[in-house]
Amino acid sequence: MRVTDRKQRAELMHAVEAVFRHGRLVLGPEVEKLEKQVAKRCDRKYAVAVNSGTDALFLALKSIDIGQGDEVITTAMSWIATANAIALTGATPIFADINEDLNIDPDSITPLITSKTKAILLVHFTGKICRMSEIMKIAQKHRLIVIEDAAQAFDACHHGQKAGSFGFIACFSMNPMKIFAACGEAGMVVTDENDVYERLLSLRYNGTVNRVECIEPSLNARMDTLQAAILLKRLRSVGRIAERRRKIASMYNTGLSECVDVPVESKGCRDVYYSYTLRTKHRDALKNFLEQKGIETKIWHPLLMPEHAAYRKKARGKYPKAKHIVKQILSIPNHEKLQDRDVRYIVESIRGFFKGKKS
Ligand SMILES: *Cc1c(COP(=O)(O)O)cnc(C)c1O
């Protein structure tokens, strides 16, 4: 697939040219502009642009002093970057269970809390916001800091409140697969806290102040100006992309709810469908069947985070539902460029598979 259509390509090339002209290739003016616009878009005071979602998570944890001896409760089901960010600070990830909605189950959090627990790092998986009011209550009661991994949920809403505006800090990824996508690696941290903001600015450039003196060891995580210039252009179409994906999801829901468990949108929610993930106990057979029909599907992610080799031996937590559900999930095509006829073909194919079968 081509990266962009012709008109969009011309627009992006124009933005790239402008960066070449002024020549400030890292943290240039477009980066600052992007930070302002992203902060505004998700109702936050501050945004700090970094060079990946993984860096965003790692620096966010560092900025609130998470480290050796601390425990951070997270979900069992996410891309491994979530657990890695915790582990790399020296803290221990503790894996909570998920619900039918594939997000962290608030009820599974409390039993995992110990005197060492410092934070909850939740993930708005598939572009659906977690059950935030319950999670915030638990966090308040136990004095835990809430961090949102909103990498898959840019522009998602819950009763008008934006993903990334619930926690103390929130992190986004703008890698090319995400809904708000750069043409390379990019990420963002947002917060309302001035202290955290100042610390993030330092952490993103080797822990330096005034770019001269290092006050704490860190990495270089600055955003390329080229990516910021591209993201500024693309920010304008994020809303449209999310709407198209929501339309595709509703077509799928209508056509497929008799055969599989379709993603359910809670009242007052605007899910953005980073993936459209259905559930069926015939997952593997369905996947093979669709492949033969020329329909690409994906299992995001076949391994729970605690089941990766890096964590398997000493993973802590409790996630029986996640272990069961991960064998049933399948993401079917939901890119905004799909035509209605493509969606209908996919629906018909899946219905064909289930004809005469009891789901
Ligand atoms: C994509 C993603 C990340 C990592 O972002 P990168 O920009 O690829 O480093 C982290 N968490 C989740 C849930 C993601 O989907």
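Where a number appears in this text, it was derived from the coordinates with a stated rule and is not lab data. Just so it is clear, the structure is predicted and the values come from calculations on it, not from any experiment. Backbone-built Cβ (ideal geometry, glycine too); neighbour counts: all protein chains shown.
Odds and ends about this structure:
- Against the rule of thumb 2.2 N^0.38 Å, how large the Cα Rg of the stretch 157-204 comes out: 1.31
- When the alpha carbon coordinates of the stretch 101-189 are projected onto the principal axes, the ranges are 43, 27, 20 Å, largest first.
- When the square roots of the Cα gyration tensor eigenvalues are ordered a ≥ b ≥ c, the ratio a/c for the stretch 235-359 is 1.5 or more and a/b does not exceed b/c, which makes its shape oblate.
- Simple Cβ-charge dipole of the chain, Lys/Arg +1 and Asp/Glu -1, about Cα centre, in debye nearest 20: 960 debye
- For the stretch 103-149 versus the stretch 176-227, the inter-centroid distance based on Cα atoms is 24 Å.
- In this structure, M177 and N210 have a Cβ-Cβ separation that, at R0 = 25 Å, corresponds to a calculated FRET efficiency of about 0.10.
- Using only alpha carbons, the stretch 118-160 has a radius of gyration to Kirkwood radius ratio (Rg to Rh) of 0.99.
- Full-stretch length increase - N288, Q140 - with 0.36 nm per residue and alpha-carbon distance subtracted: 48.7 nm
- The label-point distance for R312 and E198, in a model that sets each label 7 Å from Cα toward Cβ, rounds to 4.7 nm.
- Relative contact order of the chain, defined on C-alpha pairs under 8 angstrom at six or more residues apart (%): 21 percent
- Calculated on alpha-carbon atoms, Rg and Dmax of the chain in Å: 20.6, 70
- Nearby lysines by direct alpha-carbon distance to K337 (threshold 17 angstrom, same-chain neighbours under 8 apart not counted): K7, K178, K247
- Taking the centroid of alpha carbons for each part, the stretch 250-295 and the stretch 8-25 are 39 Å apart.
- Share of alpha-carbon pairs per 5 Å distance bin for the stretch 169-328, given as whole %: 1, 7, 10, 13, 14, 16, 15, 11, 7, 4, 2, 1, 0
- Two numbers describe the Cα atoms of the stretch 152-261: Rg and Dmax, which are 18.1, 62 Å.
- The stretch 215-341, relative contact order [Cα under 8 Å, separation at least 6], %: 30 percent
- Of the cross-linked pairs K40/K116; K45/K128; K314/K355; K287/K313; K233/K323; K36/K62, those separated by over 32 Å at the C-alpha level are K40/K116; K314/K355; K233/K323.
- Counting Cα-Cα pairs of the stretch 295-359 in 5 Å increments starting at 0 gives whole-percent bin shares of 3, 14, 17, 17, 15, 11, 10, 9, 4, 0.
- Whether the stretch 1-152 is rounded, prolate or oblate, judged on the alpha carbon gyration tensor where a/c under 1.5 counts as rounded: prolate
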